[in-house]
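The values are calculated or read from the model by the stated rules, or taken from the named source; none is laboratory data. Being a predicted model, the structure only gives us computed values, none of them experimental. Cβ coordinates were reconstructed from backbone atoms using ideal geometry, including for glycine residues, and neighbour counts include every protein chain displayed.
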């Protein structure tokens, strides 16, 4: 998640999932196609469903910008500078797209979400520092669902907040703790095509699964190095078959789980 480069893997269907290196790009720096602590990455949501060539968005966090690439790593465009104005960032930690082609950025230290066109034109923003509805304390992850709703991991407040595509507050769930539906530094977020929401609950060393309304469904993971155990899980994503993939940071590995995860 924090490596100075992007790696693309090709999925080859088989009885056991196999992934093969396809290409990579990036090096440390501030030039085009270079990175300084790249955080979240996403591909074009509509393209994923339609099987179109991938367009890749990268939250280049310490360079305070978003970079957009083709699937082979050719730069398409970039936007953002350090600051708190519209289209500026202070540690953009994550990026997500929706089916309409919009791009959402978790602008961490500015405690807000910013929304852009696919070319980086500013559309709107929402959020201020605080604990109220629609406020944030270092939002680290953002995701969308098929209906265009926007899910935010409000990390410092140990909760998930959900918004309309225009930023209207819809609902929230969570709170600090280790019980079902509680969090200790939620830093990764993903949805699936069935409307479920997955949260990388980092300091509880687990993944939690919820309905779109925030109802608890299941959890899995304990601290450790064995199968199904984690050491600081920070990234989570899903595929169209319902499998769940986890970036198990300090175990230096990625893990996958079938859609029917243990509770």
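Here are some notes:
- Here 148, 87, 130, 156 are screened, and the one residue that is within 22 Å of residue 47 (Cβ to Cβ) and at pLDDT 95 or above is 148.
- For region 27-69, taking the residues that are in a loop (DSSP other than H, G, I, E, B), at pLDDT below 95 and over 18 Å from the mean Cα position of the chain (by Cα), the one that is surrounded by the fewest Cβ atoms within 10 Å (Cβ to Cβ) is identified as 51.
- Search result, residues across region 88-109 that are on the phi > 0 side of the Ramachandran plot and buried (at least 17 other Cβ atoms within 10 Å of the Cβ): 91
- None of 171, 182, 137, 112 is closer than 16 Å to residue 93 by Cβ, surrounded by fewer than 20 Cβ atoms within 10 Å (Cβ to Cβ) and either in contact (Cβ under 8 Å) with a residue 40 or more places away in the chain or touching a strand residue (DSSP E or B) at 6+ places or on another chain (Cβ under 7 Å) (or both) except 137.
To keep it simple, each residue is scored yes or no on (1) closer than 20 Å to residue 97 by Cβ; (2) modelled with pLDDT under 95.
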residue	(1), (2)
152	yes, no
163	yes, no
166	yes, no
169	no, no
179	no, no
185	no, no
229	no, yes
253	no, yes
257	no, yes
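- Among (1) over 18 Å from residue 234 (Cβ atoms); (2) touching a strand residue (DSSP E or B) at 6+ places or on another chain (Cβ under 8 Å), the one test that residue 92 misses: (1)
- Cβ-Cβ under 9 Å pairs, at least 6 apart or on other chains, region 41-52 side more than 15 Å from residue 117 (Cα to Cα), far side part of a helix (DSSP H, G or I) and at pLDDT 75 or above: 52/46
- Taken together, the residues in region 95-108 that are out of contact with any strand residue (DSSP E or B) (no Cβ under 7 Å at 6 or more places or on another chain) and either farther than 24 Å from residue 50 by Cα or touching a residue at least 60 places away in the same chain (Cβ under 8 Å) (or both) amount to 1.
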